[in-house]
1. Within segment 26-35, does at least one residue satisfy the condition of being under 26 Å from Glu209 (Cα atoms) and hydroxyl-bearing (Ser, Thr, Tyr)?
2. Quick check on my filter: what residues within segment 167-193 are over 16 Å from Ser37 (Cα atoms) and either in contact with a Lys or Arg (Cβ under 9 Å, 6 or more places away or on another chain) or among the charged types (D, E, K, R) (or both)?
3. Out of (1) within 20 Å of Glu50 (Cα to Cα); (2) surrounded by fewer than 18 Cβ atoms within 10 Å (Cβ to Cβ); (3) among the aliphatic types (A, V, I, L, M), the odd one out for Ala153 is which?
4. Just checking, which of Asp192, Asp161 is within 16 Å of Glu141 (Cα to Cα) and not β-branched (Val, Ile, Thr)?
5. Quick check on segment 16-37. Is at least one of its residues out of contact with any helix residue (DSSP H, G or I) (no Cβ under 6 Å at 6 or more places or on another chain) and either aromatic (Phe, Trp, Tyr) or at pLDDT 95 or above (or both)?
6. Please return the ranges of strands (runs of 3 or more DSSP E) entirely within segment 57-128 where 2 or more residues are buried (at least 21 other Cβ atoms within 10 Å of the Cβ).
7. Spot the failing condition for Ala144; the list is (1) at pLDDT 95 or above; (2) touching a helix residue (DSSP H, G or I) at 6+ places or on another chain (Cβ under 6 Å); (3) part of a loop (DSSP other than H, G, I, E, B), and only one is missed.
8. Can you tell me which condition Ser117 does not meet? The list is (1) hydroxyl-bearing (Ser, Thr, Tyr); (2) in contact with a strand residue (DSSP E or B) (Cβ under 7 Å, 6 or more places away or on another chain); (3) under 24 Å from Gly199 (Cα atoms), and all the others hold.
Amino acid sequence: MRAAIKIDAASAVDEPSALGESRIVSAAEGYEWWAPSYDHAPNPLLAREERYLSALLTDLHGKSSLDLACGTGRWLEKLMEQGCASGVGIDYSSAMLRVAGEKPAIRGRLARADCNSLPLPSDCFDLAVCSFAMSHVHDLEPAARELGRVTKAGADVFVTDLHFEAYARGWRVGFRSGATAIQIETHPRTADEIVRVFGRNGLECKTHETLWLGEPERSIFERAGKSDSFAAACRLPAILICHFRRHESPPSEN
């Protein structure tokens, strides 16, 4: 099985027929297959997200952090390297957690759990990151409630995902298995919907940003043999990033 650039698996800007055979699978099944190769294929969406968030996630000395839906622990590893005093990575995929557990900086900091029911005490994190995962959550309300519960008053929460406009134009989360494009089931949401649900659960939106791919991502397309897709991909909104701050008052119970 060979992982591909996420937007390439969706064909992003090409005709869907160019993909050949396509198969839609659940998040649980998809990430079970994808986990062994997930970290090894350059991914322009992850690269663009990191360019934006890395500039914000500095001066973390002494802070406690949560990487929700951590996957292979990409962000938890970075947060610990940036000086966090403690950190926890939560994911539902045993396969992704196995890969994460091989990374020395985060070994022993991982747990398997559903985003809707976190085995964590309330008011314990200064910072939370949830990267490219909320669109896999069928019901956003309990996941937002749990994020509001486990973060401290004043905590920063960053949520990123494939932009809903990109999804509408044919981009998908997925990878290739031989000639088959594996698409992982998602529930795309607008920024307004995400902000509204999170706001009901104690998380105030400070800003939400749309990110486009740019020149730094060109080399990823070139290495994947997709240089001809780069210009068109850059013309579409690629990523939605929401920055929330936990209210001083407890999250709503509704």
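The values are calculated or read from the model by the stated rules, or taken from the named source; none is laboratory data. Keep in mind the model is a prediction, meaning the values are calculated, not measured. Here the Cβ is made from the backbone with ideal geometry for all residues, glycine too, and neighbour counts use every protein chain on show.
1. no
2. Arg169, Trp171, Arg172, Glu185, Thr186, Arg189, Asp192, Glu193
3. (1)
4. Asp192
5. Checked against the condition, which is being out of contact with any helix residue (DSSP H, G or I) (no Cβ under 6 Å at 6 or more places or on another chain) and either aromatic (Phe, Trp, Tyr) or at pLDDT 95 or above (or both), segment 16-37 yields at least one hit.
6. It comes to 64-68, 86-91.
7. (3)
8. (2)
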